[in-house]
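Okay, structure first, notes after.
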Amino acid sequence: MGEGVSLNNAQSGAKESALTATTAARADVVERFMAKFIDVLIVLAFMAFPTIAGYLAGAAYILISDGLMSGRSIGKRIIGLRVVRQADNSVACDLRSSIIRNAEFACIIALYIVLGWIPYLGKAVVFLFAVALATVEMLLIYTDEQAGMRFGDRVADTAVVSEKGLKDREP
């Protein structure tokens, strides 16, 4: 994973930290998987609430998680990854970009809300869609040799980079 994503020192707001490095290493596939797995565990914890509020909270978390904490969801923060916007070389993913890049995962939750009540078949269909989505996303990450971008990254013009070698500077 020797190639990197170019970053310039840009200020996109007082709330975001600026990175002092000029290049950021592309995030490893295994690290990205572990970070997403942690985030999925958080979503499942929300979905354990007995009403639809738990499902909506899970969908809301997955949608905005990368726009919080300077481009780091809880899983990415634990693993040491960050989502950056590539279009303007700004440091962190904002809420809008986070919603765009994670909408497909929230759609799986919405599909579960709609079809999950159908005995056996509903949950099986949702499970198959989730597995298919995860497979396609992992293949896209693995086969994109330049930046390791999945479908959501391509649509939102974002990339996930490793924070190893990057140093935060307080504004």
(message) Per residue of segment 58-69, what does 6.51 cos²θ - 1.76 cosθ + 1.60 with θ = phi - 60° give for ³J(HN,Hα)? Whole Hz please, x for Gly and Pro, Karplus curve as stated.
(response) x, 5, 4, 4, 5, 5, 9, 4, 7, x, 9, 6
(message) Given a 1.4 Å probe and heavy atoms of the protein chains only, how would you sort Val43, Val114, largest accessible area at the top?
(response) Val114, Val43
(message) Which order do you get for Leu81, Leu133, Leu41, Leu128 if you rank them by accessible area with a 1.4 Å probe, largest at the top?
(response) Leu128, Leu41, Leu133, Leu81
(request) Consider just the alpha-carbon atoms of segment 35-171 and return their Rg together with their Dmax, both in angstrom. (result) 15.6, 53
(request) Evaluate segment 23-81: find the radius of gyration of its Cα atoms, find its Kirkwood radius, and give the ratio Rg to Rh. (result) 1.05
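The values are calculated or read from the model by the stated rules, or taken from the named source; none is laboratory data. Just so it is clear, the model here is predicted, and its values are computed rather than measured. Protein only, heavy atoms only, side chains kept; ligands, DNA and RNA dropped before computing areas. Shrake-Rupley method; radii C 1.70, N 1.55, O 1.52, S 1.80 Å.
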